[in-house]
Amino acid sequence: MSLSLLLFFIQFLSPSLQQFPRPCTSPDVLQSKRCCPVWPGDGSVCGSLSGRGFCQDVTVADLPNGPQHPHSGLDDREQWPLVFYNQTCQCASNYMGFDCGECKFGYFGGNCGERRESVRKNIFQLSVSERQRFISYLNLAKTTISPDYMIVTGVYSQMNNGSTPMFANISVYDLFVWMHYYVSRDALLGGPGNVWADIDFAHESAAFLPWHRVYLLFWEHEIRKLTGDFNFTIPYWDWRDAQDCQVCTDELMGARSPLNPNLISPSSVFSSWKVICSQPEDYNQREVLCDGSPEGPLLRNPGNHDPKRVPRLPTSADVESVLSLTEYETGLMDRHANMSFRNALEGFASPETGLAVTGQSLMHNSLHVYMNGSMSSVQGSANDPIFLLHHAFIDSIFEQWLRRHQPPRTHYPTANAPIRHNDGYYMVPFIPLYRNGDYFLSTKALGYEYAYLQDPSQRFVQEFLTPYLEQAQQIWRWLLAAGLLGAAVSGIIATIIAVACRRRPKRRKLSAYGERQPLLNSSEEGSTSYQTTL
(Lines give C-alpha, C1' and ligand atoms only; values in the text may rest on other atoms or scores of the structure.)
Protein backbone atom coordinates (compact mmCIF):
# COMPACT_ATOMS: atom_id res chain seq x y z
CA MET A 1 0.00 0.00 0.00
CA SER A 2 1.38 3.43 -0.98
CA LEU A 3 2.21 5.99 1.67
CA SER A 4 -0.42 8.40 0.33
CA LEU A 5 -3.14 5.75 0.51
CA LEU A 6 -2.06 4.84 4.03
CA LEU A 7 -2.30 8.47 5.10
CA PHE A 8 -5.77 8.65 3.56
CA PHE A 9 -7.04 5.72 5.62
CA ILE A 10 -5.46 7.13 8.75
CA GLN A 11 -7.32 10.41 8.20
CA PHE A 12 -10.56 8.62 7.38
CA LEU A 13 -10.49 6.38 10.45
CA SER A 14 -9.20 9.01 12.89
CA PRO A 15 -11.35 9.01 16.05
CA SER A 16 -10.75 12.72 16.71
CA LEU A 17 -13.92 14.74 16.61
CA GLN A 18 -13.34 16.79 13.35
CA GLN A 19 -19.38 20.81 7.08
CA PHE A 20 -15.65 20.65 7.75
CA PRO A 21 -13.42 18.28 5.74
CA ARG A 22 -12.14 15.52 7.99
CA PRO A 23 -8.51 16.07 6.98
CA CYS A 24 -8.81 19.70 8.10
CA THR A 25 -9.94 19.16 11.69
CA SER A 26 -6.77 18.13 13.49
CA PRO A 27 -5.04 20.53 15.93
CA ASP A 28 -2.12 20.92 13.52
CA VAL A 29 -4.33 22.01 10.64
CA LEU A 30 -6.45 24.32 12.80
CA GLN A 31 -3.38 25.99 14.27
CA SER A 32 -1.73 26.39 10.87
CA LYS A 33 -5.08 27.40 9.30
CA ARG A 34 -4.03 25.52 6.17
CA CYS A 35 -6.86 23.33 4.80
CA CYS A 36 -5.06 21.87 1.79
CA PRO A 37 -5.48 18.07 2.00
CA VAL A 38 -3.58 15.51 -0.02
CA TRP A 39 -5.55 14.07 -2.94
CA PRO A 40 -5.22 10.26 -2.62
CA GLY A 41 -5.25 9.91 -6.41
CA ASP A 42 -1.65 11.05 -6.74
CA GLY A 43 -0.49 11.64 -3.17
CA SER A 44 0.02 15.39 -3.66
CA VAL A 45 -1.51 18.40 -1.94
CA CYS A 46 -4.69 19.43 -3.80
CA GLY A 47 -3.74 16.95 -6.58
CA SER A 48 -1.08 19.37 -7.80
CA LEU A 49 0.98 16.63 -9.47
CA SER A 50 -2.01 15.85 -11.69
CA GLY A 51 -2.76 19.49 -12.43
CA ARG A 52 -5.95 19.44 -10.40
CA GLY A 53 -5.20 22.38 -8.13
CA PHE A 54 -2.89 24.04 -5.67
CA CYS A 55 -2.89 25.44 -2.14
CA GLN A 56 -3.70 29.16 -2.14
CA ASP A 57 -4.34 31.98 0.32
CA VAL A 58 -8.00 32.80 0.84
CA THR A 59 -8.85 36.39 -0.09
CA VAL A 60 -12.14 37.66 1.29
CA ALA A 61 -13.83 40.71 -0.24
CA ASP A 62 -13.79 43.80 1.95
CA LEU A 63 -16.55 45.89 0.36
CA PRO A 64 -18.94 47.32 2.99
CA ASN A 65 -21.91 45.42 4.37
CA GLY A 66 -25.33 46.82 5.17
CA PRO A 67 -26.21 48.19 8.63
CA GLN A 68 -28.21 45.16 9.79
CA HIS A 69 -25.31 43.62 11.79
CA PRO A 70 -23.49 46.35 13.72
CA HIS A 71 -20.90 43.99 15.26
CA SER A 72 -17.48 42.95 14.03
CA GLY A 73 -15.19 40.11 15.01
CA LEU A 74 -17.74 38.45 17.30
CA ASP A 75 -18.94 35.68 15.01
CA ASP A 76 -16.90 32.91 13.34
CA ARG A 77 -18.91 33.34 10.12
CA GLU A 78 -18.33 37.06 9.53
CA GLN A 79 -15.24 36.59 7.32
CA TRP A 80 -15.80 32.97 6.34
CA PRO A 81 -13.64 30.89 6.41
CA LEU A 82 -10.76 33.02 7.79
CA VAL A 83 -11.39 32.27 11.46
CA PHE A 84 -10.72 28.60 10.74
CA TYR A 85 -8.59 28.57 7.55
CA ASN A 86 -6.67 31.16 5.54
CA GLN A 87 -5.45 28.67 2.91
CA THR A 88 -7.54 26.19 0.92
CA CYS A 89 -7.28 24.24 -2.33
CA GLN A 90 -7.85 26.30 -5.47
CA CYS A 91 -9.00 23.85 -8.13
CA ALA A 92 -8.24 24.16 -11.85
CA SER A 93 -10.20 23.27 -14.98
CA ASN A 94 -13.34 21.22 -14.19
CA TYR A 95 -12.14 19.96 -10.81
CA MET A 96 -13.80 20.67 -7.48
CA GLY A 97 -13.71 19.53 -3.86
CA PHE A 98 -11.75 20.30 -0.71
CA ASP A 99 -8.83 18.31 -2.20
CA CYS A 100 -9.74 18.92 -5.91
CA GLY A 101 -10.58 15.23 -6.18
CA GLU A 102 -14.10 15.69 -7.57
CA CYS A 103 -15.77 17.25 -10.60
CA LYS A 104 -17.50 20.60 -10.88
CA PHE A 105 -21.28 20.58 -11.08
CA GLY A 106 -22.27 19.29 -14.50
CA TYR A 107 -19.03 17.41 -15.21
CA PHE A 108 -18.35 13.70 -14.87
CA GLY A 109 -15.68 11.09 -15.55
CA GLY A 110 -12.24 10.30 -14.18
CA ASN A 111 -10.75 13.48 -15.61
CA CYS A 112 -13.96 15.51 -15.33
CA GLY A 113 -14.09 15.91 -19.11
CA GLU A 114 -17.62 14.63 -19.70
CA ARG A 115 -20.23 17.39 -19.86
CA ARG A 116 -23.75 16.19 -19.04
CA GLU A 117 -27.09 17.88 -18.36
CA SER A 118 -29.18 16.27 -15.62
CA VAL A 119 -32.94 16.80 -15.47
CA ARG A 120 -34.87 17.40 -12.26
CA LYS A 121 -38.40 16.02 -12.60
CA ASN A 122 -41.79 16.67 -11.08
CA ILE A 123 -42.13 14.13 -8.26
CA PHE A 124 -45.54 13.12 -9.62
CA GLN A 125 -43.97 12.29 -12.99
CA LEU A 126 -41.48 9.84 -11.47
CA SER A 127 -41.99 6.16 -12.15
CA VAL A 128 -42.79 3.91 -9.20
CA SER A 129 -39.21 2.68 -9.07
CA GLU A 130 -37.85 6.25 -9.22
CA ARG A 131 -40.02 7.29 -6.28
CA GLN A 132 -38.98 4.26 -4.27
CA ARG A 133 -35.34 4.89 -5.12
CA PHE A 134 -35.58 8.53 -4.03
CA ILE A 135 -37.07 7.62 -0.66
CA SER A 136 -34.56 4.82 -0.10
CA TYR A 137 -31.71 7.23 -0.91
CA LEU A 138 -33.05 9.72 1.64
CA ASN A 139 -33.20 7.03 4.30
CA LEU A 140 -29.74 5.74 3.42
CA ALA A 141 -28.35 9.26 3.75
CA LYS A 142 -30.11 9.65 7.11
CA THR A 143 -28.48 6.50 8.49
CA THR A 144 -24.96 6.74 6.98
CA ILE A 145 -22.16 8.68 8.66
CA SER A 146 -20.57 11.15 6.25
CA PRO A 147 -17.15 9.83 5.26
CA ASP A 148 -15.88 13.27 4.18
CA TYR A 149 -17.30 15.86 6.56
CA MET A 150 -17.91 16.56 10.23
CA ILE A 151 -19.64 19.44 12.01
CA VAL A 152 -18.23 21.99 14.43
CA THR A 153 -19.82 21.86 17.90
CA GLY A 154 -18.29 24.99 19.40
CA VAL A 155 -17.10 28.45 18.47
CA TYR A 156 -13.44 28.92 17.65
CA SER A 157 -12.75 30.88 20.85
CA GLN A 158 -13.58 27.72 22.82
CA MET A 159 -10.91 25.69 20.98
CA ASN A 160 -7.82 27.31 22.50
CA ASN A 161 -6.56 28.58 19.16
CA GLY A 162 -7.29 25.22 17.58
CA SER A 163 -5.41 23.02 20.04
CA THR A 164 -8.64 21.45 21.35
CA PRO A 165 -10.89 20.83 18.30
CA MET A 166 -14.65 20.61 18.84
CA PHE A 167 -16.17 18.51 16.07
CA ALA A 168 -18.64 15.61 15.79
CA ASN A 169 -19.68 12.91 13.34
CA ILE A 170 -22.87 13.46 11.37
CA SER A 171 -24.94 11.51 8.85
CA VAL A 172 -24.97 12.57 5.21
CA TYR A 173 -28.55 13.85 5.48
CA ASP A 174 -28.09 15.53 8.86
CA LEU A 175 -24.95 17.26 7.59
CA PHE A 176 -27.25 19.37 5.43
CA VAL A 177 -29.71 19.93 8.26
CA TRP A 178 -26.82 21.21 10.36
CA MET A 179 -25.53 23.42 7.53
CA HIS A 180 -28.93 25.12 7.24
CA TYR A 181 -28.97 25.60 11.01
CA TYR A 182 -25.41 26.94 11.15
CA VAL A 183 -25.87 29.49 8.37
CA SER A 184 -29.04 30.91 9.95
CA ARG A 185 -28.34 30.62 13.69
CA ASP A 186 -28.19 33.67 15.95
CA ALA A 187 -24.85 35.29 16.75
CA LEU A 188 -23.65 34.52 20.29
CA LEU A 189 -22.46 37.79 21.85
CA GLY A 190 -21.38 36.38 25.23
CA GLY A 191 -23.46 35.51 28.27
CA PRO A 192 -26.61 33.35 28.58
CA GLY A 193 -29.25 34.38 26.09
CA ASN A 194 -27.18 37.32 24.84
CA VAL A 195 -27.57 36.94 21.08
CA TRP A 196 -28.01 39.03 17.96
CA ALA A 197 -30.99 37.56 16.09
CA ASP A 198 -31.07 39.93 13.09
CA ILE A 199 -28.47 37.95 11.18
CA ASP A 200 -28.75 35.25 8.54
CA PHE A 201 -26.13 34.44 5.94
CA ALA A 202 -28.52 32.58 3.58
CA HIS A 203 -31.91 34.27 4.02
CA GLU A 204 -33.57 37.70 3.93
CA SER A 205 -31.22 39.12 1.32
CA ALA A 206 -29.52 38.63 -2.04
CA ALA A 207 -27.74 35.34 -1.30
CA PHE A 208 -31.00 33.52 -0.53
CA LEU A 209 -31.36 32.11 -4.05
CA PRO A 210 -27.70 31.46 -4.98
CA TRP A 211 -26.99 29.91 -1.57
CA HIS A 212 -29.87 27.46 -1.80
CA ARG A 213 -28.93 26.69 -5.42
CA VAL A 214 -25.48 25.55 -4.31
CA TYR A 215 -26.98 23.83 -1.27
CA LEU A 216 -29.19 21.62 -3.47
CA LEU A 217 -26.37 20.94 -5.95
CA PHE A 218 -24.03 19.95 -3.14
CA TRP A 219 -26.72 17.75 -1.56
CA GLU A 220 -27.35 16.09 -4.92
CA HIS A 221 -23.60 15.62 -5.35
CA GLU A 222 -23.20 13.90 -1.97
CA ILE A 223 -26.12 11.54 -2.62
CA ARG A 224 -24.53 10.51 -5.93
CA LYS A 225 -21.27 9.76 -4.15
CA LEU A 226 -23.07 7.80 -1.44
CA THR A 227 -25.16 5.66 -3.78
CA GLY A 228 -22.97 5.50 -6.89
CA ASP A 229 -26.03 6.62 -8.88
CA PHE A 230 -24.67 9.57 -10.86
CA ASN A 231 -27.98 9.95 -12.71
CA PHE A 232 -29.76 10.92 -9.48
CA THR A 233 -31.50 14.30 -9.35
CA ILE A 234 -33.68 15.96 -6.73
CA PRO A 235 -37.35 15.99 -7.76
CA TYR A 236 -39.50 19.07 -7.29
CA TRP A 237 -43.03 19.65 -6.05
CA ASP A 238 -44.96 22.09 -8.23
CA TRP A 239 -47.26 23.45 -5.54
CA ARG A 240 -48.92 26.15 -7.66
CA ASP A 241 -52.70 26.19 -6.96
CA ALA A 242 -52.40 23.26 -4.51
CA GLN A 243 -55.24 23.00 -1.99
CA ASP A 244 -53.41 20.70 0.41
CA CYS A 245 -50.13 18.87 0.94
CA GLN A 246 -50.19 16.75 -2.20
CA VAL A 247 -46.89 15.01 -1.35
CA CYS A 248 -48.06 13.99 2.13
CA THR A 249 -48.85 10.38 1.27
CA ASP A 250 -47.20 7.19 2.45
CA GLU A 251 -46.03 6.52 -1.11
CA LEU A 252 -44.13 9.82 -1.02
CA MET A 253 -43.16 11.96 1.97
CA GLY A 254 -45.42 10.42 4.59
CA ALA A 255 -49.11 10.81 5.41
CA ARG A 256 -50.52 12.14 8.66
CA SER A 257 -50.48 9.68 11.55
CA PRO A 258 -53.99 8.50 12.54
CA LEU A 259 -52.82 8.43 16.16
CA ASN A 260 -51.32 11.92 16.40
CA PRO A 261 -51.92 14.64 13.78
CA ASN A 262 -48.48 16.15 14.47
CA LEU A 263 -46.62 12.96 13.54
CA ILE A 264 -45.93 11.04 10.34
CA SER A 265 -47.88 7.88 9.54
CA PRO A 266 -46.25 4.69 10.89
CA SER A 267 -46.51 3.30 7.34
CA SER A 268 -43.87 5.81 6.21
CA VAL A 269 -40.16 5.36 6.78
CA PHE A 270 -40.01 9.02 7.83
CA SER A 271 -42.00 8.24 10.99
CA SER A 272 -38.82 6.79 12.51
CA TRP A 273 -36.65 9.83 11.71
CA LYS A 274 -35.25 11.95 14.55
CA VAL A 275 -34.69 15.67 14.08
CA ILE A 276 -31.60 17.69 15.03
CA CYS A 277 -30.86 21.41 15.55
CA SER A 278 -34.50 22.17 16.41
CA GLN A 279 -34.07 23.97 19.76
CA PRO A 280 -32.42 27.34 19.05
CA GLU A 281 -33.71 28.99 22.22
CA ASP A 282 -32.03 26.30 24.33
CA TYR A 283 -28.71 26.65 22.47
CA ASN A 284 -28.79 30.43 22.96
CA GLN A 285 -29.51 30.13 26.64
CA ARG A 286 -26.67 27.65 27.13
CA GLU A 287 -24.29 29.47 24.75
CA VAL A 288 -23.69 26.33 22.71
CA LEU A 289 -24.04 25.19 19.11
CA CYS A 290 -26.20 22.34 17.89
CA ASP A 291 -24.10 19.18 18.16
CA GLY A 292 -26.25 16.96 15.94
CA SER A 293 -27.84 14.94 18.77
CA PRO A 294 -31.33 13.49 18.11
CA GLU A 295 -34.05 15.70 19.59
CA GLY A 296 -37.32 13.89 18.90
CA PRO A 297 -39.56 12.79 16.00
CA LEU A 298 -40.12 14.63 12.77
CA LEU A 299 -43.17 16.89 13.20
CA ARG A 300 -45.65 17.95 10.54
CA ASN A 301 -49.29 19.00 10.64
CA PRO A 302 -50.01 20.58 7.26
CA GLY A 303 -52.89 23.01 7.06
CA ASN A 304 -53.38 23.46 10.81
CA HIS A 305 -51.40 26.71 10.91
CA ASP A 306 -52.41 30.31 11.60
CA PRO A 307 -54.62 31.20 8.60
CA LYS A 308 -54.04 34.92 9.18
CA ARG A 309 -50.35 34.43 8.55
CA VAL A 310 -50.81 32.15 5.53
CA PRO A 311 -54.30 32.60 4.07
CA ARG A 312 -53.58 30.23 1.15
CA LEU A 313 -50.81 28.51 -0.74
CA PRO A 314 -49.27 30.35 -3.73
CA THR A 315 -51.10 30.29 -7.05
CA SER A 316 -49.94 30.29 -10.66
CA ALA A 317 -50.93 33.97 -10.80
CA ASP A 318 -48.72 34.70 -7.78
CA VAL A 319 -45.73 33.09 -9.46
CA GLU A 320 -46.33 35.02 -12.66
CA SER A 321 -46.61 38.30 -10.75
CA VAL A 322 -43.32 37.67 -8.98
CA LEU A 323 -41.63 36.78 -12.26
CA SER A 324 -42.73 40.11 -13.73
CA LEU A 325 -40.57 42.06 -11.24
CA THR A 326 -37.51 43.29 -13.09
CA GLU A 327 -35.16 44.17 -10.20
CA TYR A 328 -33.37 41.39 -8.35
CA GLU A 329 -32.67 43.48 -5.23
CA THR A 330 -33.71 46.98 -4.08
CA GLY A 331 -33.33 49.40 -1.17
CA LEU A 332 -31.54 47.98 1.85
CA MET A 333 -31.75 44.55 0.23
CA ASP A 334 -33.32 42.90 3.25
CA ARG A 335 -36.81 41.67 4.18
CA HIS A 336 -38.15 45.23 3.92
CA ALA A 337 -37.21 45.66 0.24
CA ASN A 338 -39.97 46.77 -2.15
CA MET A 339 -40.30 45.64 -5.78
CA SER A 340 -37.48 43.14 -5.25
CA PHE A 341 -37.84 39.82 -7.07
CA ARG A 342 -35.81 38.04 -4.40
CA ASN A 343 -37.83 39.47 -1.52
CA ALA A 344 -41.17 38.71 -3.21
CA LEU A 345 -40.15 35.14 -4.04
CA GLU A 346 -38.77 34.57 -0.57
CA GLY A 347 -42.11 35.66 0.81
CA PHE A 348 -41.54 38.94 2.66
CA ALA A 349 -43.30 41.01 0.00
CA SER A 350 -46.70 40.71 -1.66
CA PRO A 351 -46.61 38.93 -5.01
CA GLU A 352 -49.44 41.15 -6.28
CA THR A 353 -47.93 44.53 -5.37
CA GLY A 354 -44.26 43.78 -4.77
CA LEU A 355 -44.43 45.77 -1.52
CA ALA A 356 -42.99 44.41 1.72
CA VAL A 357 -45.56 43.19 4.23
CA THR A 358 -45.49 42.33 7.92
CA GLY A 359 -47.45 39.67 9.73
CA GLN A 360 -47.81 37.42 6.71
CA SER A 361 -45.68 34.68 5.15
CA LEU A 362 -46.07 34.46 1.38
CA MET A 363 -44.57 32.52 -1.54
CA HIS A 364 -41.54 30.51 -0.31
CA ASN A 365 -42.22 31.30 3.34
CA SER A 366 -45.86 30.23 3.12
CA LEU A 367 -45.00 26.57 2.42
CA HIS A 368 -42.77 26.44 5.49
CA VAL A 369 -45.46 27.86 7.76
CA TYR A 370 -48.19 25.75 6.14
CA MET A 371 -46.35 22.53 7.10
CA ASN A 372 -46.80 23.52 10.75
CA GLY A 373 -44.01 21.44 12.26
CA SER A 374 -40.27 20.90 11.90
CA MET A 375 -40.26 22.73 8.57
CA SER A 376 -41.73 25.89 10.11
CA SER A 377 -38.58 26.79 12.04
CA VAL A 378 -35.88 28.31 9.82
CA GLN A 379 -32.92 26.75 11.56
CA GLY A 380 -34.34 23.22 11.69
CA SER A 381 -36.50 23.29 8.55
CA ALA A 382 -34.29 20.95 6.51
CA ASN A 383 -35.16 18.10 8.89
CA ASP A 384 -38.31 17.58 6.80
CA PRO A 385 -37.43 16.05 3.40
CA ILE A 386 -40.28 18.08 1.85
CA PHE A 387 -37.77 20.92 2.19
CA LEU A 388 -35.85 19.51 -0.80
CA LEU A 389 -38.92 19.26 -3.05
CA HIS A 390 -40.01 22.76 -2.09
CA HIS A 391 -36.66 24.44 -2.62
CA ALA A 392 -36.11 22.65 -5.91
CA PHE A 393 -39.27 24.33 -7.18
CA ILE A 394 -38.20 27.70 -5.74
CA ASP A 395 -34.93 27.25 -7.60
CA SER A 396 -36.86 26.58 -10.81
CA ILE A 397 -38.74 29.88 -10.40
CA PHE A 398 -35.39 31.63 -9.91
CA GLU A 399 -34.30 29.98 -13.16
CA GLN A 400 -37.41 31.21 -14.96
CA TRP A 401 -36.64 34.77 -13.84
CA LEU A 402 -33.01 34.53 -15.01
CA ARG A 403 -34.09 33.29 -18.45
CA ARG A 404 -36.82 35.88 -18.83
CA HIS A 405 -34.80 38.95 -17.78
CA GLN A 406 -31.24 37.74 -18.50
CA PRO A 407 -29.66 40.09 -15.95
CA PRO A 408 -25.90 40.72 -16.12
CA ARG A 409 -23.89 39.80 -13.05
CA THR A 410 -23.68 43.48 -12.17
CA HIS A 411 -27.34 43.27 -11.10
CA TYR A 412 -26.20 41.18 -8.15
CA PRO A 413 -25.13 43.52 -5.29
CA THR A 414 -21.40 43.91 -4.79
CA ALA A 415 -21.64 46.08 -1.66
CA ASN A 416 -24.00 47.25 1.12
CA ALA A 417 -26.07 44.06 1.26
CA PRO A 418 -26.52 42.50 4.72
CA ILE A 419 -23.40 40.77 5.99
CA ARG A 420 -22.08 37.92 3.79
CA HIS A 421 -24.65 38.57 1.01
CA ASN A 422 -22.38 40.67 -1.26
CA ASP A 423 -21.18 39.18 -4.54
CA GLY A 424 -17.58 38.49 -3.50
CA TYR A 425 -18.25 36.79 -0.18
CA TYR A 426 -17.94 33.04 0.28
CA MET A 427 -21.04 31.09 1.28
CA VAL A 428 -21.22 29.89 4.89
CA PRO A 429 -20.37 27.12 5.79
CA PHE A 430 -19.24 25.53 2.51
CA ILE A 431 -15.79 24.03 2.08
CA PRO A 432 -14.86 23.91 -0.78
CA LEU A 433 -15.59 27.60 -1.17
CA TYR A 434 -18.34 29.08 -3.35
CA ARG A 435 -18.90 32.80 -4.01
CA ASN A 436 -22.44 34.22 -4.01
CA GLY A 437 -22.19 35.97 -7.35
CA ASP A 438 -20.74 32.93 -9.13
CA TYR A 439 -24.16 31.23 -8.90
CA PHE A 440 -26.20 34.15 -10.18
CA LEU A 441 -26.41 32.32 -13.51
CA SER A 442 -28.52 29.79 -15.39
CA THR A 443 -28.81 26.12 -14.51
CA LYS A 444 -27.62 25.38 -18.05
CA ALA A 445 -24.14 26.54 -17.03
CA LEU A 446 -24.29 24.26 -13.96
CA GLY A 447 -25.32 21.10 -15.79
CA TYR A 448 -28.97 20.70 -14.87
CA GLU A 449 -32.45 21.52 -16.12
CA TYR A 450 -36.05 21.34 -14.91
CA ALA A 451 -38.39 19.07 -16.84
CA TYR A 452 -41.20 21.63 -17.10
CA LEU A 453 -38.83 24.26 -18.49
CA GLN A 454 -37.69 22.07 -21.37
CA ASP A 455 -39.04 22.51 -24.88
CA PRO A 456 -42.21 20.44 -25.58
CA SER A 457 -40.46 17.53 -27.30
CA GLN A 458 -37.90 17.11 -24.52
CA ARG A 459 -40.60 17.44 -21.90
CA PHE A 460 -42.70 14.71 -23.55
CA VAL A 461 -39.74 12.33 -23.46
CA GLN A 462 -38.78 13.15 -19.87
CA GLU A 463 -42.19 13.34 -18.22
CA PHE A 464 -44.30 10.91 -20.20
CA LEU A 465 -42.38 8.53 -22.45
CA THR A 466 -39.39 7.74 -20.24
CA PRO A 467 -41.40 6.63 -17.15
CA TYR A 468 -43.48 4.22 -19.28
CA LEU A 469 -40.38 2.82 -20.96
CA GLU A 470 -38.77 2.31 -17.56
CA GLN A 471 -41.83 0.49 -16.27
CA ALA A 472 -41.89 -1.67 -19.39
CA GLN A 473 -38.20 -2.42 -18.87
CA GLN A 474 -38.94 -3.64 -15.37
CA ILE A 475 -41.72 -6.01 -16.47
CA TRP A 476 -40.36 -7.10 -19.86
CA ARG A 477 -39.83 -10.66 -18.62
CA TRP A 478 -43.48 -10.89 -17.65
CA LEU A 479 -44.54 -9.41 -20.97
CA LEU A 480 -42.35 -11.91 -22.85
CA ALA A 481 -43.70 -14.82 -20.83
CA ALA A 482 -47.27 -13.68 -21.38
CA GLY A 483 -46.61 -13.34 -25.12
CA LEU A 484 -45.13 -16.83 -25.38
CA LEU A 485 -47.98 -18.30 -23.35
CA GLY A 486 -50.52 -16.50 -25.53
CA ALA A 487 -48.85 -17.80 -28.67
CA ALA A 488 -48.86 -21.34 -27.32
CA VAL A 489 -52.54 -21.16 -26.38
CA SER A 490 -53.39 -19.70 -29.81
CA GLY A 491 -51.47 -22.51 -31.48
CA ILE A 492 -53.32 -25.16 -29.50
CA ILE A 493 -56.71 -23.61 -30.32
CA ALA A 494 -55.80 -23.33 -34.00
CA THR A 495 -54.78 -27.00 -34.06
CA ILE A 496 -58.02 -28.08 -32.42
CA ILE A 497 -60.09 -26.06 -34.89
CA ALA A 498 -58.16 -27.43 -37.86
CA VAL A 499 -58.62 -31.04 -36.69
CA ALA A 500 -62.30 -30.44 -36.07
CA CYS A 501 -62.75 -28.99 -39.55
CA ARG A 502 -61.09 -31.97 -41.23
CA ARG A 503 -63.33 -34.39 -39.36
CA ARG A 504 -66.51 -32.46 -40.29
CA PRO A 505 -68.58 -34.34 -42.97
CA LYS A 506 -68.64 -32.71 -46.42
CA ARG A 507 -71.91 -31.11 -47.49
CA ARG A 508 -73.56 -31.47 -50.88
CA LYS A 509 -72.88 -28.45 -53.11
CA LEU A 510 -75.85 -26.10 -53.13
CA SER A 511 -77.20 -24.26 -56.09
CA ALA A 512 -76.40 -20.60 -56.57
CA TYR A 513 -79.82 -19.76 -55.20
CA GLY A 514 -79.61 -21.94 -52.08
CA GLU A 515 -77.35 -20.41 -49.31
CA ARG A 516 -76.80 -16.74 -48.86
CA GLN A 517 -73.40 -15.16 -48.02
CA PRO A 518 -72.69 -14.79 -44.29
CA LEU A 519 -73.61 -11.39 -42.80
CA LEU A 520 -70.00 -10.77 -41.72
CA ASN A 521 -68.96 -10.34 -45.37
CA SER A 522 -68.85 -6.87 -46.80
CA SER A 523 -71.93 -5.85 -48.73
CA GLU A 524 -69.77 -4.23 -51.40
CA GLU A 525 -69.47 -6.18 -54.59
CA GLY A 526 -66.13 -7.90 -55.00
CA SER A 527 -64.91 -7.23 -51.43
CA THR A 528 -63.49 -9.92 -49.19
CA SER A 529 -64.30 -10.83 -45.63
CA TYR A 530 -62.02 -9.55 -42.81
CA GLN A 531 -62.37 -12.98 -41.18
CA THR A 532 -59.32 -15.20 -41.32
CA THR A 533 -59.13 -18.94 -41.84
CA LEU A 534 -57.69 -19.46 -38.39
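The values are calculated or read from the model by the stated rules, or taken from the named source; none is laboratory data. Worth saying up front: this structure is predicted, and the values here are computed from it rather than measured. Don't worry about glycine lacking a Cβ; one is built from the backbone with ideal geometry, like all the others, and counts go over all protein chains shown. For accessibility, only protein heavy atoms count, side chains too; no ligands or nucleic acids. Shrake-Rupley method; radii C 1.70, N 1.55, O 1.52, S 1.80 Å.
Quick notes on this structure:
- Contour excess over end-to-end distance, with Cα ends at L63 and R309 and 0.36 nm allotted per residue: 84.9 nm
- For the range 213-254, carbon and sulfur atoms together expose 39% of the accessible surface, with a 1.4 angstrom probe and every protein chain in place.
- Range of Cα positions in the range 162-235 per principal axis (Å), largest first: 48, 35, 18
- With DNA, RNA and ligands ignored, accessible area of Y426 (1.4 Å probe; Å², nearest 10): 30 Å²
- Approximating the spin labels as points 7 Å out from Cα along Cα→Cβ, the S271-to-V128 distance works out to 2.2 nm.
- Radius ratio Rg over Rh of the range 214-307, counting only Cα atoms, Kirkwood formula for Rh: 1.02
- Packing-based ranking of 361-369, 253-261, 187-195 yields 361-369, 253-261, 187-195, ordered from highest to lowest mean Cβ neighbour count within 10 Å.
- A Förster distance of 60 Å, applied to the separation of the beta-carbon atoms of T353 and I492, puts the FRET efficiency at 0.20.
- J(HN,Hα) series, the range 288-295, from Karplus relation 6.51 cos²θ - 1.76 cosθ + 1.60, nearest Hz, glycine and proline x: 10, 9, 4, 9, x, 6, x, 10
- Distance from the range 376-426 to the range 285-313 (C-alpha centre basis), Å: 21 Å
- Packing-based ranking of 93-104, 283-294 yields 93-104, 283-294, ordered from highest to lowest mean Cβ neighbour count within 10 Å.
- For the range 45-117: relative contact order, % (alpha-carbon pairs under 8 angstrom, 6 or more apart): 32 percent
- Between amide H atoms placed 1.01 Å from N, distances below 5 Å from C103 occur with M96, all of them 5 or more places distant or on a separate chain.
- Stretchable slack from S93 to V288, in nm (0.36 nm times residue separation minus alpha-carbon distance): 66.2 nm
- Mean Cβ count within 10 Å, highest first, over the residues of peptides 142-151, 204-213: 204-213, 142-151
- The range 44-187, accessible surface, carbon-and-sulfur percent (1.4 angstrom probe): 49 percent
- Förster radius 22 Å - calculated FRET efficiency between S442 and L82 (Cβ-Cβ, nearest 0.05): 0.10
- Amide N proximity, the range 398-417 versus T326 label position 7 Å along Cα-to-Cβ, cut-off under 19 Å: 400-413
- Ellipsoid semi-axes for the range 27-133, based on the Cα gyration tensor and the rule √(5λ), read 33, 25, 13 Å when sorted largest first.
- Note that the range 275-391 shows a convex hull volume over its alpha carbon atoms of 124 Å³ per residue.
- Cα centroid of the range 117-179 to Cα centroid of the range 45-68, whole Å: 24 Å
- The range 346-403: proportion of alpha-carbon pairs further apart than 18 angstrom, %: 38 percent
- Backbone geometry of the range 320-330 corresponds, through the Karplus equation with coefficients 6.51, -1.76 and 1.60 at θ = phi - 60°, to 3J(HN,Hα) couplings of 5, 5, 5, 5, 6, 5, 8, 9, 6, 9, 9 Hz, x marking Gly and Pro.
- Distant-in-sequence amide H partners of V195 (H built 1.01 Å from N, under 5 Å): L189
- Base-10 log of normalised Debye intensity for the range 126-189 (one unit scatterer per alpha-carbon) at q = 0.17, 0.28 Å⁻¹: -0.72, -1.13
- Under 15 Å, Cβ to Cβ, from P192 - net charge with Lys/Arg +1 and Asp/Glu -1: -3
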